[in-house]
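In what follows, a structure is listed as structure tokens, so that the remarks can point back to it.
The values are calculated or read from the model by the stated rules, or taken from the named source; none is laboratory data. Being a predicted model, the structure only gives us computed values, none of them experimental. Quick reminder, even Gly has a Cβ in these numbers, built from the backbone with ideal geometry, and neighbours come from all protein chains shown.
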Amino acid sequence: MRAALRGLDPRNAQRVAGHLVVAGTLVDDQPGEALAHARAARDRASRIAVVREAVGVAAYHAGDYAEAARELRAYRRMSGDPGYRAVLADCERALGRPEVALRLVREALAEHPDAEETIELRLVEAGARQDLDELPAARLVLEGVLGGRPHPDSVDWAEPAVLRVSAAYADLLEAAGESALAAEWHAAVAAHTPEESDVEFSEEELPEVDAAPAVEPAEAPAGEGPADADASGDDAAPDDGGGSGAYDFHEDVEAEVAELLGETDRPEDDAAAEDAAEH
């Protein structure tokens, strides 16, 4: 990512990097704020593939599936990376197009993805089948992932993906009216779910930023929208305040990010240099 930003004006690269750092930090717990920062990075560097990727991932976490699909497609075209196939299919599900989601899943599976991506695709497939009221087909999909006619005692709970597939399977059983079996699977999932970590970032460890406005989900449909045509502005034109699309950082945060990039001197070094020049 640092290498991708080197083509920008140094100060603009510094600000884009700062927004991306904050977006990555907040995406799990405050996805709306993360999306606001990712969009601010895009306002400054819309032609950088990893910036479009960051917007797409943040939009997916924030529930703005139209923007997520649009940005991830732009990232794939710009970078040549064929990834995010399961995410794009899931976006189609969320936008009320399960048939399109199933088509994307079939196309991806035909390319023989690795085991991890295959499981993600199967989860989306089962969800799309359930959206279409094809519960028996959805059940067969999940049972196939779990080894066929599974039982909580027969699956390998050490496998990270098993927990998610089993949770989806329990929900499907409940939707199918098999409450007793669903309760058994829910209990097994709860018993094998690790407790959430108590580790939290201190305020000193997180970059301090100006408050970003709440993010409203976009209403535009997924597809080739204006964002794909890089309509968000010139990459190398930093907005040093007063702009409508970016959120300014405090000076200490800018210095911290610049030091993290290793491409500019620290503020105290600049002050020392100016003092020496004056004398």
Quiz prompt | Residue identified as part of a loop (DSSP other than H, G, I, E, B), out of contact with any Phe, Trp or Tyr (no Cβ under 6 Å at 6 or more places or on another chain) and either more than 30 Å from Leu26 (Cβ to Cβ) or in contact (Cβ under 8 Å) with a residue 24 or more places away in the chain (or both) among Arg149, Arg164 | solution = Arg149
Exercise. Sort out which residues of the range 55-66 are farther than 20 Å from Leu121 by Cα and surrounded by fewer than 23 Cβ atoms within 10 Å (Cβ to Cβ), and write them in order of number.
Key: Ala62
Practice problem: Sort out which residues of the range 67-84 are more than 12 Å from the chain's Cα centre (by Cα) and crowded, with 20+ Cβ neighbours inside 10 Å, and write them in order of number. | Solution: Arg70, Arg73, Ala74, Tyr75
Quiz prompt | Filter pass, Val87 being surrounded by fewer than 21 Cβ atoms within 10 Å (Cβ to Cβ), outside the structural domain of Ala168 (by TED's automatic domain parsing) and over 28 Å from Tyr169 (Cα atoms) | solution = no
Self-check item: Among the residues listed as Ala40, Ala66, Ala94, the single one being small (Gly, Ala, Ser) and within 26 Å of Ala3 (Cβ to Cβ)
Solution: Ala40
Quiz prompt | Test set (1) farther than 30 Å from Gly56 by Cα; (2) free of Cβ contacts under 8 Å to residues at least 12 places away in the same chain - Asp171 fails condition number | solution = (1)
Quiz prompt | Residues located in the range 74-114, provided they are of a type in the set (A, V, I, L, M), in a helix (DSSP H, G or I) and touching a residue at least 40 places away in the same chain (Cβ under 8 Å) | solution = Ala74
Self-check item: Test: residue in the range 153-161 that is assigned to a helix (DSSP H, G or I), at pLDDT below 95 and either surrounded by fewer than 22 Cβ atoms within 10 Å (Cβ to Cβ) or among the acidic types (Asp, Glu) (or both)
Solution: yes
Practice problem: For Gln130, work out the one condition from (1) touching a residue at least 40 places away in the same chain (Cβ under 8 Å); (2) on the phi > 0 side of the Ramachandran plot it doesn't fulfil. | Solution: (2)
Quiz item: Can we say Gly56 is outside any helix (DSSP H, G or I), closer than 21 Å to Ala128 by Cβ and modelled with pLDDT of 95 or more?
Solution: no
Quiz item: Is the range 79-93 home to any residue that is farther than 23 Å from Glu116 by Cα and of a type in the set (A, V, I, L, M, F, W, C)?
Solution: no
